Amino acid sequence: ENEMKSKCKWILCPVCGNKTRLQIRNDTELKNFPLYCPKCRQESLIDVNKFKIRVITEPDAKTQSR
């Protein structure tokens, strides 16, 4: 059980750096995932691959919340 825990990491908000409500594992892959931060209430589009989190910057990413 402890071995499983060490393979999980919390996703940090790229805007404010706080922990989000999501955890990723080493084999987690996300494409164009809308990551919402409850602390700063920002939504960021991210890709995740082998613990590498890449923020996708789109000029109109913020205006798509209709």
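Could you tally the net charge around Asp27, taking each other residue with its Cβ under 13 Å from the Cβ of Asp27, Lys/Arg +1 and Asp/Glu -1?
Values: positive: Lys7, Lys9, Arg25, Lys50, Lys52; negative: Glu29.
Local charge sum for Asp27: +4.
Report the gain in length on full extension from Cys40 to Cys8: 0.36 nm times residue separation, minus Cα-Cα distance, nm rounded to one decimal.
Values: separation 32, 0.36 × 32 = 11.52 nm, distance 2.31 nm.
Residue separation times 0.36 nm, minus the Cα-Cα distance, leaves 9.2 nm.
Counting only other residues whose beta carbon sits under 11 Å from that of Ile46, what net charge do I get with K and R as +1, D and E as -1? Walk me through the numbers before you get to the answer.
On the way: positive: Lys31, Lys52, Arg54; negative: Glu43, Asp47.
Result for the local shell: +1.
Between Glu58 and Cys16, 0.36 nm times their residue separation minus their Cα-Cα distance comes to what?
Details: separation 42, 0.36 × 42 = 15.12 nm, distance 1.82 nm.
Taking 0.36 nm per residue and subtracting the Cα distance, the gain is 13.3 nm.
Throughout, read-outs are computed from the coordinates displayed, never taken from laboratory work. Since the structure is predicted, the reported quantities are computational estimates derived from the model, not experimental observations. Here the Cβ is made from the backbone with ideal geometry for all residues, glycine too, and neighbour counts use every protein chain on show.
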